[in-house]
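Scroll down for the structure; my scribbles are underneath it.
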């Protein structure tokens, strides 16, 4: 299985998810979300099989709050709900991404997402990162695993 | 009479979204919530539901094990189970349907897809038509 198109599949998975979930448009951007690091909301989950690795999503709290509001109508911006929103996005993007990579005939397993504030825990691994502009906010996806280089 | 719905998902945001989708269907619903499969099973045994909407990836007991136990127990086997998950594809979908799921819907859920599944069954399976 060639992996040359995994970046395109990941971008498409994110675009589809945000468009269907909240009618949000996604644009790739050169600059990373690093400037706002420290206050970013992040979520990370394991891609268990058959393409083992980790997928992380980081986004600005403002963007997480807008996404939460669009999806649920909640305007409280409660911390737990913001982190839940990022975790749910990571989970959905991961599923769509693996569906694209594997096709419909191969089952895959996802782990439970972890979420928090600040820097995405990198565990000393080599991550592939891509930043996006979404509805005026910054979102970054990071992936690591032997099939993603 | 309202449709008795039990939502099982460990994500509070996902449960809120599902409730919003149910409201959008226009169907009268009484909604209860569980944060994992074990809690959902306990709630079902405590009080029956017409529909169980469940995620697959959950702590304590996942959605697939929940489906298996619901369908294995004569007390709960009649509950119509709708699986909503990002971890489903054609292969897994087919397996879940064989296990007894009424439908398997991909995240992000479209309210119209959920409405179609519920309305498709409104004349027969769901609560024998009493809720409509």
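Readers should treat all values here as calculations from the given coordinates under stated rules, not as data from a laboratory. All of these numbers come straight from a predicted model, not from anything done at the bench. Ideal geometry is used to build each Cβ from the backbone, glycine not excepted, and the neighbour counts take in all protein chains shown.
Over all residues in B:73-83, what is the mean tally of Cβ atoms on other chains that come within 10 Å of each residue's Cβ?
Mean shielding count: 0.
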To make sure I understand, if each residue's beta carbon is the centre and we count other beta carbons within 10 Å, what order do A:141, B:97 fall in, fewest to most? B:97, A:141
Give me the extension gain from residue A:117 to residue A:78: residue separation times 0.36 nm, minus the current Cα-Cα distance, reported in nm with one decimal. 12.7 nm
Just to verify a number: FRET efficiency for residue A:27 and residue B:45, C-beta to C-beta distance, R0 = 45 Å, to 0.05? 0.35
Could you work out the mean count of beta carbons from other protein chains within 10 Å of each residue's beta carbon in B:46-58? 1
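Would you mind putting A:17-24, A:46-53, B:52-59 in packing order, based on average other-beta-carbon counts within 10 Å, highest first?
The peptides rank, most packed first, as B:52-59, A:17-24, A:46-53.
Grab the beta carbon distance between residue B:77 and residue B:98, set R0 = 22 Å, and tell me the FRET efficiency rounded to 0.05.
Efficiency, from the Cβ-Cβ distance: 0.90.
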Along each of the three principal axes of the Cα atoms of the protein assembly as shown, give the extent in whole Å, ordering the values from largest to smallest. 57, 42, 29
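Going by how many other beta carbons lie within 10 Å of each one, how would you line up B:75, B:96, fewest first? Display every interim value, and only then the final one.
Numbers: B:75 10, B:96 22.
Fewest-to-most Cβ neighbours within 10 Å comes out as B:75, B:96.
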Cα-projected label distance for residue B:20 with residue B:32, points at 7 Å along beta-carbon direction, nm: 2.6 nm
What translational D, rounded to a whole number of µm²/s, comes out for region A:1-101 from Stokes-Einstein when the hydrodynamic radius is the Kirkwood one over Cα pairs, at 25 °C and 0.890 mPa s? 171 µm²/s
Report the calculated FRET efficiency for residue B:60 and residue A:69 (r = Cβ-Cβ distance, R0 = 22 Å), to the nearest 0.05. 0.15
Could you give log10 I(q)/I(0) at q = 0.12, 0.17, 0.20 Å⁻¹ for region B:3-118, computed by the Debye formula over C-alpha point scatterers of equal weight, without solvent? -0.35, -0.73, -1.06
What number, rounded to the nearest 500 deg cm²/dmol, is the helix-based mean residue ellipticity at 222 nm of chain A, given -39500 (n - 2.57) per DSSP H run of at least four residues and division by all its residues? -12000 deg cm²/dmol
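Shielding of B:101-112 by partners, i.e. mean partner chain Cβ atoms within 10 Å per residue? Provide the component values of the computation, followed by the final result.
On the way: counts 0, 0, 0, 0, 0, 5, 10, 14, 3, 2, 0, 0.
Across the residues of B:101-112, the mean count of other-chain Cβ atoms within 10 Å is 3.
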